[in-house]
Amino acid sequence: MLDLREVSVAFGALTAVDRVTLRVARGERRALIGPNGAGKSTLFATIAGALKASSGTISFDGNDVTRLGEPRRARLGITRTFQHSSLFDGLSCLDNVALAVRAERGVGLRAWLPRAGRADVEREAARHLELMRLEPHGPAGDLPHGGQRRLEVAMALARKPRLLLLDEPAAGMSAAESAELAALIRDLPAELTVLVVEHDLDVVFAVASHVSVLAAGSVIADGSPEQVRASAEVQRAYLGT
Ligand code: ADP
Ligand code: MG
């Protein structure tokens, strides 16, 4: 589904991503871990098309997307989670997701929709909310932190992703919230490919079938969660033992 070959990203003299080769199969749940500054977010931005690779190629579902900008990659199905700021605190969870559904369908936010069209948008929004175990009613701003992060995922689902990029979705969550999120990510539709950057290793090991480890811009290990956990190199670079 996703095929990165020798991708590098430089910021001036700093090579933040250094010849990364990575292949992710359709439907895979892949975690990307590594110390702060390893280049994980830079790599995500490069996959999404917000940053350009300095060298290397990226293909997505057989299309070379290396030269495509973020909107075109989004139309092919590469989606990153919305940031917090994009939640409308005063709107209900349902309305937040309904706006994302309308945007995806190209129905302007202020455009009038006949009753049947509105009902259809709301039905779809409700399905995305259900996947994230959120209630439709009540202002988004009243949700606890964990619920707000799940709402962001529901809004990303409204964009009909085929590859979902989640950058530290469990950041700031309590242990109970992150365990719940991990279960929900694991249970996302099987055909959806998920790439997740996460520091919480309980989440990583609960979600991922495959883990890649990035350190100083390079992939230093790659394998099943068990293999990665056992790798001496990973333990030195990341797990701190
Ligand atoms: P991670 O997400 O793994 O913590 P980042 O991808 O955010 O790491 O950062 C990788 C390296 O690139 C860091 O040294 C960071 O300071 C640097 N970096 C990230 N974004 C920029 C930028 N826009 N300009 C210059 N340096 C950057
Ligand atoms: Mg980061």
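Considering only segment 56-77, state which residues are exposed (fewer than 13 other Cβ atoms within 10 Å of the Cβ), farther than 17 Å from ALA25 by Cα and either of a type in the set (Asp, Glu) or at pLDDT 95 or above (or both). Within segment 56-77, ARG67, GLY69 meet the criteria. On the stretch given as segment 30-52, residues that are touching a helix residue (DSSP H, G or I) at 6+ places or on another chain (Cβ under 7 Å) and crowded, with 22+ Cβ neighbours inside 10 Å total 5. Of all residues in segment 1-26, those that are without any contact (Cβ under 8 Å) to a residue 40 or more places away in the chain, among the hydrophobic types (A, V, I, L, M, F, W, C) and in a loop (DSSP other than H, G, I, E, B) total 1. A Cβ distance below 6 Å, combined with a sequence gap of six or more or placement on separate chains, defines the contacts here; from segment 92-111, residues that are on the phi > 0 side of the Ramachandran plot and among the β-branched types (Val, Ile, Thr) reach no residue that is crowded, with 18+ Cβ neighbours inside 10 Å and not in a strand (DSSP E or B). The set of residues in segment 206-228 being over 21 Å from ARG5 (Cα atoms) and surrounded by 16 or more Cβ atoms within 10 Å (Cβ to Cβ) consists of ALA206, VAL207, ALA208, PRO225, VAL228.
For ASP3, the stated conditions do not hold, so it cannot be described as of a type in the set (D, E, K, R), touching a helix residue (DSSP H, G or I) at 6+ places or on another chain (Cβ under 9 Å), closer than 28 Å to ALA206 by Cα and surrounded by 15 or more Cβ atoms within 10 Å (Cβ to Cβ). With respect to (1) surrounded by 14 or more Cβ atoms within 10 Å (Cβ to Cβ); (2) more than 30 Å from ALA38 (Cβ to Cβ); (3) acidic (Asp, Glu), the lone exception for GLU135 is condition (1).
Of ARG19, ARG5, ARG73, ARG80, which residue is within 24 Å of ILE185 (Cβ to Cβ), away from ligand 2 (no atom under 16 Å from the Cβ) and not aromatic (Phe, Trp, Tyr)?
Exactly one of ARG19, ARG5, ARG73, ARG80 is within 24 Å of ILE185 (Cβ to Cβ), away from ligand 2 (no atom under 16 Å from the Cβ) and not aromatic (Phe, Trp, Tyr), namely ARG73.
When the test is whether a residue is within 16 Å of ligand 1 (Cβ to nearest atom), out of contact with any Asp or Glu (no Cβ under 9 Å at 6 or more places or on another chain), under 18 Å from GLY223 (Cα atoms) and charged (D, E, K, R), ARG30 passes it.
For segment 27-55, the set of residues classified as modelled with pLDDT of 95 or more, assigned to a strand (DSSP E or B) and within 13 Å of ligand 2 (Cβ to nearest atom) consists of LEU32 only. There is at least one residue in segment 86-106 that is closer than 30 Å to PHE205 by Cβ and exposed (fewer than 14 other Cβ atoms within 10 Å of the Cβ).
The values are calculated or read from the model by the stated rules, or taken from the named source; none is laboratory data. On a predicted model such as this, the values are computed, not experimentally measured, just so you know. Methodologically, a virtual Cβ is constructed for each residue, glycine included, from the backbone with ideal geometry; neighbour enumeration extends over all protein chains shown.
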